[in-house]
Amino acid sequence: MASTLIGRQALVVGAGMAGLPAVRALADYFEQVVVLERDTLPLDASHRTGTPQARHTHALLGGGQRALGELFPGFEEDLAGAGAVPFRVGLDLRFETPEFDPFPQRDLGWDAYAMSRPLIELIVRQRARQLPNITIREHCRALELVPSSDGAAVSAICFENGEGRTETLAADLVVEASGRGYLTFALLDAIGRPRPEETIIGVDITYATAVFRIPDDPPADWKAVLTVDRPAEGGAAAIMAPMERNRWIVTLVGRHGEKPPGDRDGFLAYAQQLRTPTIYNAIRRAEPIGEVVRYGFPASVRRHFDRLEKFPRGLLPFGDTICRFNPVHGQGMSVAAQEAYLLHRLLQERAAETDPLAGFAPAFFAEAEALVETPWALAAVPDLAHPKAQGERPEDLEQRLAFGAALNRLAAEDPDVHKLLLEVLHLLKPQSCLRDPDLVERVKATAGQA
Ligand SMILES: Cc1cc2nc3c(=O)[nH]c(=O)nc-3n(C[C@H](O)[C@H](O)[C@H](O)COP(=O)(O)OP(=O)(O)OC[C@H]3O[C@@H](n4cnc5c(N)ncnc54)[C@H](O)[C@@H]3O)c2cc1C
């Protein structure tokens, strides 16, 4: 990655799955990049308090894997070397839906990796730490963004350091990757600017997750399983995947008041009444490791920063601060990695300009909005199919659902369509690829046969 410096110091709030890839992009264009992280960061792939979601299944989609590989060359080898489990996409995941039990399993030509979220983060963190101009300051809680006297820019961050003292650090650019965006919103309120409009889909999801040791004789025809139910019948789902150190992680997903239990017996009983017995049969005699943990996720939230007329110079909200996706679709980390790749490209394009940071945030928001569009649309349509989901339903929701169902049937028959569909779902290709006129004709013909 070529470089031309455009600023003295960039600050990143949060050493999570958005902050760390952003650090890589910034490192080429700022003399110093400082990350403020409130947690103690483990030296291994263990859990920490600032990311409670990390105890649950975290899938890294192909698009995220590719973006992280661009930012950190050799990333896949690092994952594999650390024990992540490679699996052939389309072949090693048993996908069970009411229409297909299972969906045809076939080799679509590429590997993904299954591992714990702390392992992905550890690998990315280790790579970020190797950059010579990066400092990660642990036990540092960002308190507020400091605006310039005219309120037109962010000039510094005020934070509490590990000794409990308040410090202020100046910055040319601040990336907020805290996962929530509260620093950005507090700043906008303080300088009298509007917050971005939000699109919200109330999905009311409850996760319960347990970990098991993989037995000596695991099933031979799959490495991972995804089981889903019809939305009208509750929309329960379950995912089971291998992880480093010979473990399975199993997440049971309930919606709209349906809460998978947080105790071991209840967890097994819930698994037993899933639509198919695959997961229950695999885990009922497997050795459990640790406790069952739960997580509640009320709503997906997309923030339209691109619609704001003005935005303070030197500030960039990032990752979940821009869009918090329903975790069931496994998109958040991958979109954050793609945003980091976008950030690098925009910095590169502007590096030779006299004032590269002028209008930078609006330029980033415009492209980030396009980047978020495919994953958001892919998730919104099935989520809104649930009768109890809250949110504005597109007028043609029924048509879109019928198109999706027919596309799935065509994908089951035709390996090329299967591959294309998974490339889109993995964020390797835009959703517009599914609107190719020939493909649309074939999907319509399939729908007509139903
Ligand atoms: C249950 C669940 C399951 C999920 N499953 C998947 C999945 O399968 N695949 C996927 O891609 N995504 C998944 N996600 C989404 C994924 O976790 C997020 O998209 C991703 O972590 C976003 O990264 P982030 O850096 O924006 O936030 P986070 O990873 O949450 O990181 C925020 C960081 O900021 C730090 N921080 C916060 N406030 C401050 C402060 N004031 N000062 C200093 N530091 C601060 C935190 O300690 C943390 O380290 C899931 C989410 C949930 C809730």
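By the Stokes-Einstein formula, at 1.567 mPa s and 4 °C, the chain with its Kirkwood radius over alpha-carbon pairs has D equal to 56 µm²/s. Scattering from the range 334-396 was approximated by placing one identical point on each alpha carbon and applying the Debye formula without solvent; log10 I(q)/I(0) at 0.21 1/Å stands at -0.84. Ignoring lysines fewer than eight residues from residue 388 along the same chain, the ones with Cα atoms less than 19 angstrom from its Cα are 259. Between the Cα long axis of helix 332-350 and the first principal axis of the chain there is an angle of about 40°, rounded to the nearest 10. Most simply put, the chain has about 70% antiparallel DSSP beta bridges, counting only bridges with both residues inside it.
Atom-type composition of the exposed protein surface of the chain places 49 percent of the accessible area on carbon and sulfur (1.4 angstrom probe).
One chain, two ends: residue 353 and residue 402. Fully extended at 0.36 nm per residue, the span grows by 12.8 nm beyond their Cα-Cα distance. On a 0 to 90 degree scale, rounded to 10, what angle separates helix 397-413 from the longest Cα axis of the chain? Roughly 60 degrees, rounded to the nearest 10.
Placing pseudo-labels 7 Å out from each Cα toward the beta carbon at residue 77 and residue 310 gives an inter-label distance of 5.0 nm. The residues of the range 342-450 present an accessible area of 51 Å² per residue when probed at 1.4 Å with all protein chains retained.
Are there chymotrypsin sites (Phe, Trp or Tyr not before Pro) in the range 67-118 that DSSP puts in a loop and that have at most 15 other Cβ atoms within 10 Å, and which ones? Walk me through the numbers before you get to the answer.
Numbers: sites: 75, 87, 95, 100, 110, 113; in loops: 100, 110.
When the chymotrypsin sites (Phe, Trp or Tyr not before Pro) of the range 67-118 are filtered for loop state and at most 15 Cβ neighbours within 10 Å, 100 remain.
Contour minus end-to-end for residue 182 and residue 144, with contour as 0.36 nm per residue of separation and end-to-end as the Cα-Cα distance? The partial results should precede the final answer.
Details: separation 38, 0.36 × 38 = 13.68 nm, distance 0.90 nm.
Extra length available between residue 182 and residue 144 comes to 12.8 nm.
The simple spin-label model puts a point 7 Å past each Cα toward its Cβ; for residue 126 and residue 273 those points are separated by 4.4 nm.
You can think of it this way: the chain between residue 40 and residue 447 has 141.2 nm of extra reach, that is 0.36 nm per residue less the Cα-Cα gap.
Helix 415-425 and the longest principal axis of the Cα set of the chain meet at an angle near 40°.
Annotation for residue 435 and residue 99: the two label points, set 7 Å from Cα along the Cα-Cβ direction, are 2.1 nm apart. Each 10 Å bin from zero up to the one holding the largest Cα-Cα distance in the range 241-303 carries the following percent of pairs: 17, 49, 26, 7, 0.
The values are calculated or read from the model by the stated rules, or taken from the named source; none is laboratory data. Because the structure is a prediction, the values reported are computed rather than measured. Every residue, glycine as well, gets a Cβ built from its backbone with ideal geometry; the counts of neighbours run over all protein chains shown. Quick note on the areas: whole protein, heavy atoms, side chains included, nothing else; ligands and nucleic acids left out. Shrake-Rupley method; radii C 1.70, N 1.55, O 1.52, S 1.80 Å.
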